[in-house]
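The values are calculated or read from the model by the stated rules, or taken from the named source; none is laboratory data. As the structure is a prediction and not an experimental result, all values here were calculated from the model. Reconstructed Cβ throughout: ideal geometry from the backbone, glycine too, with neighbour counts over all protein chains shown. To get the accessible areas, we keep the full protein, side chains included, count just its heavy atoms, and leave off ligands, DNA and RNA. Shrake-Rupley method; radii C 1.70, N 1.55, O 1.52, S 1.80 Å.
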Amino acid sequence: MITTPIVSEILQRQRVFYQSGITRDIAFREHQLKALLRTITDSEVAILEALKTDLGKPGFEAYASEVGLVRAEIKYVLAHLRSWARPRRMPVHITQLPSTVWSYPEPYGVTLIIAPWNYPLLLLIAPLVGALAAGNCSILKPSELAPCSSALVARMMAQTFDPGLVTVVEGGPETAEALLAEQFDYIFYTGSSRVGRIVMQAAAQYLTPVTLELGGKSPCIVDADADIEAAAKRIVWGKCFNAGQICIAPDYVLVDERIKLALIEAMQRALRQYYNGNTEQSPDYSRIVNAGHFQRLCALLPHGGAGDQSSRQADTDSPLLAGGTQCIDQGWDGVIVAGGETNAATLYIAPTIIDSPSPDSALMQDEIFGPLLPVLPVQSLDEAIAFINARPKPLALYHFTRNGVAQERVLRETSCGGGCINDVLVHFSSPYLSFGGVGASGFGKYRGRAGFDTFTHEKTILKRSALFDIWFRYAPYKHSYKITKWLM
Ligand code: NAD
């Protein structure tokens, strides 16, 4: 574990670096961002290997959702940085005449970025892009639960940056606590709501501004008029991506009861198509990050799932598909209609669809963060909206329907960080769009321009000459009240 004197020393080095003023220079920032882009491009193979070791991430997923996203983010920021960083002339109110008013973007100073394990490169580097673009120094704390990625990022950053500008501090909760005991100028945290509260409390002692990128249960509504095949393919894809270990994964499905059976059958077909009936042998499916999360997820399976199936050769569907009836009694925690197999030795959990668990079941309490998909029937869109609004505001919300009026209703009557209509996950894939939560799923935004703004203090300055003076602002205020009332 890192000691307090070492943390203080790292921080002090960054303060000195920041105070040198070098990060105010836009060309310097561009140079650093280009160096970061080069490092990530040159380290692509090593990054994919580390992600494979930590999470069994397939190469396509690792590239598309980590390396590729970060590269696109840096390129976009580089293309716009000069215009974002320019002082902006603002409108002048009549009470301020004669003058000009300017907004000066200035960096906060020394920032702390804490990341989780599920996207260990993306969730550390994407915020760093905003921090560097805005002219800050950063200490990065990766997650201890993705150790290969953490060690690799530490090496990459050490080779790329002066430690006064960017330093990686590896370690677990104690390390994060040691860092949080210090005074930073901005804290950017991505992770669970539980730790988010700890981070916010630590920030409060110095009144440090924070962004909290948290999680939660992201619902997916499927209306009766939805394109069932497309909905099934996309929802299942979103749940299987990184084995469901995504903050914006569709957590559960609220489906119109009239099409529930058709949707489940289409999802079973999609699963077979993706993994050729044998997900465990597929190179295209990730593993659970560690034994603790594996056990947590197994405990959520109805009746403990299909059990440890290391010797099993193929995935199963329940007789629901073959015979059209369910042979397992409907339990409080639902019926497994696809998957359920687990293998503790390889941390494998099959993509598992659970039909109709009770809203009070364990599955429906906390964010699942794994490949289990509860499907709950609802009688109407009203019921789906009421269900969502009775729970904490989600990070993402997905709605499958062809009906524009229904789309508008869900948009107007629910709140969420962001989401998609007729798709899942892909709203995160663009650096043009800001990303962040609302309510229990967090606050603050980043990606692209929003990342620059998050790490920037907009300083408003009024400029005027000493020549002209507004006499009525000074005492005695004989006519001042009247004139001011006329002006404002
Ligand atoms: P976590 O909260 O356990 O850990 C996140 C980070 O906090 C890690 O670096 C960890 O070392 C550190 N940490 C752990 N305990 C701490 C403590 N007591 N004090 C200070 N720091 C501490 O989260 P996780 O398990 O790594 O990630 C999963 C969670 O993150 C899920 O809830 C998921 O939804 C959320 N998440 C959110 C986003 C988003 O963009 N909103 C993205 C990915 C993950």
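Let me confirm something: among I187, I114, which residue is touching a Lys or Arg at 6+ places or on another chain (Cβ under 6 Å) and touching a residue at least 60 places away in the same chain (Cβ under 8 Å)? Walk me through it before giving the result.
Details: I187 fails: touching a Lys or Arg at 6+ places or on another chain (Cβ under 6 Å).
Testing whether each residue is touching a Lys or Arg at 6+ places or on another chain (Cβ under 6 Å) and touching a residue at least 60 places away in the same chain (Cβ under 8 Å) leaves just I114.
Here is a yes/no grid of residues against (1) assigned to a helix (DSSP H, G or I); (2) free of Cβ contacts under 8 Å to residues at least 12 places away in the same chain; (3) more than 7 Å from the ligand (Cβ to nearest atom):
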position: G164; (1), (2), (3): no, no, yes
position: T167; (1), (2), (3): no, no, yes
position: G171; (1), (2), (3): no, no, yes
position: A176; (1), (2), (3): yes, no, no
position: R194; (1), (2), (3): yes, yes, no
position: I198; (1), (2), (3): yes, no, no
position: T211; (1), (2), (3): no, no, yes
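If you filter region 374-396 down to residues that are open to solvent by less than 10 Å² (accessible area, probe 1.4 Å) and within 16 Å of the ligand (Cβ to nearest atom), you find that the one that is nearest to the chain's Cα centre (by Cα) is L395. Which ones in region 343-360 are under 19 Å from P283 (Cβ atoms) and outside any loop (DSSP other than H, G, I, E, B)? Scanning region 343-360 gives N343, Y348, I349. Among all residues of region 238-260, there is at least one that is open to solvent by 10 Å² or more (accessible area, probe 1.4 Å) and free of Cβ contacts under 8 Å to residues at least 60 places away in the same chain. For beta carbons closer than 8 Å, sequence separation of 6+ or different chains, a first residue in region 23-35 that is in the same structural domain as Y104 (by TED's automatic domain parsing) and a second that is in a helix (DSSP H, G or I) and open to solvent by 40 Å² or more (accessible area, probe 1.4 Å), the qualifying pairs are I26/R82; F28/I22.
For region 134-145, filtering for residues that are of a type in the set (S, T, N, Q) and more than 13 Å from the ligand (Cβ to nearest atom) leaves 2. The listed residues are A126, A131, A202, A154, and the only one of them that is assigned to a helix (DSSP H, G or I) and near the ligand (Cβ under 8 Å from one of its atoms) turns out to be A202. If you go through region 213-234 and keep only what is buried (at least 17 other Cβ atoms within 10 Å of the Cβ), among the charged types (D, E, K, R) and away from the ligand (no atom under 16 Å from the Cβ), you end up with D223, K233, R234. Here L112 clears all of (1) away from the ligand (no atom under 16 Å from the Cβ); (2) open to solvent by less than 20 Å² (accessible area, probe 1.4 Å); (3) farther than 18 Å from N242 by Cα except the condition numbered (1). Residues of region 148-174 that are under 24 Å from G109 (Cβ atoms) and buried (at least 19 other Cβ atoms within 10 Å of the Cβ): V153, M156, M157, F161, G164, L165, V166, T167, V168, V169. For region 377-404, filtering for residues that are within 13 Å of I259 (Cβ to Cβ) and part of a strand (DSSP E or B) leaves 3.
The set of residues in region 48-62 that are part of a helix (DSSP H, G or I), over 26 Å from L179 (Cβ atoms) and open to solvent by less than 80 Å² (accessible area, probe 1.4 Å) comprises L48, G59, E61, A62.
Go through region 2-47 and give me each residue that's open to solvent by 50 Å² or more (accessible area, probe 1.4 Å) and touching a strand residue (DSSP E or B) at 6+ places or on another chain (Cβ under 9 Å). Hits for region 2-47 are R13, R15, R24. For region 291-321, a residue qualifies if it is modelled with pLDDT of 65 or more, under 14 Å from G370 (Cβ atoms) and either touching a Ser or Thr at 6+ places or on another chain (Cβ under 6 Å) or open to solvent by 40 Å² or more (accessible area, probe 1.4 Å) (or both), and the qualifying residues are A291, G292, H293, Q295, R296, C298, A299. Checked against the criterion of being within 15 Å of the chain's Cα centre (by Cα) and either within 30 Å of A390 (Cα to Cα) or among the hydrophobic types (A, V, I, L, M, F, W, C) (or both), region 178-189 contains one or more residues that satisfy it.
Only one residue in L11, L112 is in a helix (DSSP H, G or I) and outside the structural domain of Q245 (by TED's automatic domain parsing), so which one is that? The match here is L11.
Name the residues in region 448-488 that are assigned to a loop (DSSP other than H, G, I, E, B) and aromatic (F, W, Y), would you? It would help to see each step written out before you state the result.
Pass one, region 448-488, residues assigned to a loop (DSSP other than H, G, I, E, B): 455, 464-470, 474-479, 488.
Passing the criteria: F455, F468, Y474, Y477.
Of the listed requirements (1) within 16 Å of the ligand (Cβ to nearest atom); (2) more than 30 Å from A231 (Cβ to Cβ), H427 misses just one: (2).
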